[in-house]
Amino acid sequence: MKKQLKIVVLAKQVPDTRNVGKDAMTPEGTVNRAALPAIFNPEDLNALEAALFLKDETEGSTVHILTMGPPRAADIIRDAIFRGADGGYLLTDRKFAGSDTLATSYALSCALRKIQPDVIVAGRQAIDGDTAQVGPQVAEKLGLPQVTYAEESLEIKDKSLVIKRRLEHGTEVVECPNPAVETVTASAAACRTCLITTSPRT
């Protein structure tokens with residue numbers, strides 16, 4: 001039987017910047033979060049599906065969300081549980097407001113030191129910043145190996161994962177020891193919508 005994995009997904013609640021109107025920006029040139037609906041960051045949903053796949057393939061494994069934001073960010077934890085996650089952690093404090101990637105990755109890495117997961121999965125980047133820095137910065141702060149642009153887990157071994165990466169002109173297969181950080185691209189499998197199934201009518 002494969003080793004049980006303690007998996008944490010780094011996720012973010014973001015303003016939906018895909019359909020913006022005239023009120024989407026403030027006079028100061030920043031995103032007007034109050035004018036846009038808050039959603040689960042799209043690539044973090046790909047990361048959640050990658051984590052749920054690992055859970056499905058390793059009996060007894062767990063998946064938890066770790067997010068940082070205002071209290072309403074707990075909505076994405078509930079969404080993730082609805083899709084099959086086991087629970088989540090919310091880091092919230094007024095002092096976190098306006099955090100850049102350096103501060104965000106520091107806070108997340110402090111929480112992860114306490115959680116001590118076997119695998120950390122994150123979306124490649126958030127649509128409200130497009131920096132793709134938080135996942136790699138977390139890996140650096142924790143001193144962990146990282147696989148970026150992950151698209152699919154091909155094999156789960158006792159102490160490592162074999163992962164297919166999406167590159168600009170093709171793919172690459174790498175083996176990475178655990179614990180590790182994996183950032184997932186939008187070309188990975190879409191996240192399942194619901195864990196609940198209904199029985200056929202009799």
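Only one of (1) modelled with pLDDT of 95 or more; (2) open to solvent by 30 Å² or more (accessible area, probe 1.4 Å); (3) under 21 Å from residue 184 (Cα atoms) fails for residue 112. Which number is that?
(2)
Looking at (1) of a type outside the set (A, V, I, L, M, F, W, C); (2) modelled with pLDDT of 90 or more; (3) in a loop (DSSP other than H, G, I, E, B), which is the one condition that is false for residue 158?
(2)
What do you reckon, is residue 149 farther than 15 Å from residue 50 by Cα, among the aromatic types (Phe, Trp, Tyr) and without any contact (Cβ under 8 Å) to a residue 40 or more places away in the chain?
For residue 149, the condition - farther than 15 Å from residue 50 by Cα, among the aromatic types (Phe, Trp, Tyr) and without any contact (Cβ under 8 Å) to a residue 40 or more places away in the chain - is not met.
For the condition touching a residue at least 40 places away in the same chain (Cβ under 8 Å), of a type outside the set (Ser, Thr, Tyr) and in contact with a helix residue (DSSP H, G or I) (Cβ under 6 Å, 6 or more places away or on another chain), what is the one hit in 132, 189?
189
Can you tell me which residue within region 132-155, out of those that are part of a loop (DSSP other than H, G, I, E, B) and open to solvent by less than 60 Å² (accessible area, probe 1.4 Å), is modelled with the lowest pLDDT?
Applying the filter and picking the extreme gives 132.
Restricting to region 171-186, name every residue that is open to solvent by less than 20 Å² (accessible area, probe 1.4 Å) and part of a strand (DSSP E or B).
Result: 176, 180, 181, 182, 183, 184.
Could you check, for region 188-197, whether at least one of its residues is surrounded by fewer than 18 Cβ atoms within 10 Å (Cβ to Cβ), closer than 25 Å to residue 82 by Cβ and among the basic types (Lys, Arg)?
Looking for residues that are surrounded by fewer than 18 Cβ atoms within 10 Å (Cβ to Cβ), closer than 25 Å to residue 82 by Cβ and among the basic types (Lys, Arg), one finds at least one in region 188-197, hence yes.
What residue, among those in region 9-54 that are open to solvent by 50 Å² or more (accessible area, probe 1.4 Å) and within 28 Å of residue 115 (Cα to Cα), is modelled with the lowest pLDDT?
So, considering only residues that are open to solvent by 50 Å² or more (accessible area, probe 1.4 Å) and within 28 Å of residue 115 (Cα to Cα), the one modelled with the lowest pLDDT is 12.
Quick one: in region 75-98, of everything that is of a type in the set (A, V, I, L, M) and more than 14 Å from the chain's Cα centre (by Cα), which residue is modelled with the highest pLDDT?
Checking each candidate, the answer is 91.
Which members of region 58-85 meet the condition of being among the polar types (S, T, N, Q) and under 17 Å from residue 97 (Cβ atoms)?
Once the filter is applied, which keeps residues that are among the polar types (S, T, N, Q) and under 17 Å from residue 97 (Cβ atoms), region 58-85 yields only 67.
Of all residues being part of a helix (DSSP H, G or I) and more than 16 Å from the chain's Cα centre (by Cα) in region 65-74, which is surrounded by the most Cβ atoms within 10 Å (Cβ to Cβ)? Just the residue, please.
Among them, the one singled out is 72.
The values are calculated or read from the model by the stated rules, or taken from the named source; none is laboratory data. Values in this document were obtained by computation on a predicted structure and should not be read as measured data. Cβ atoms come from the backbone with ideal geometry, glycine included; neighbour counts cover every protein chain shown. Just the protein is used for accessible areas: all its heavy atoms, side chains included, with ligands, DNA and RNA removed. Shrake-Rupley method; radii C 1.70, N 1.55, O 1.52, S 1.80 Å.
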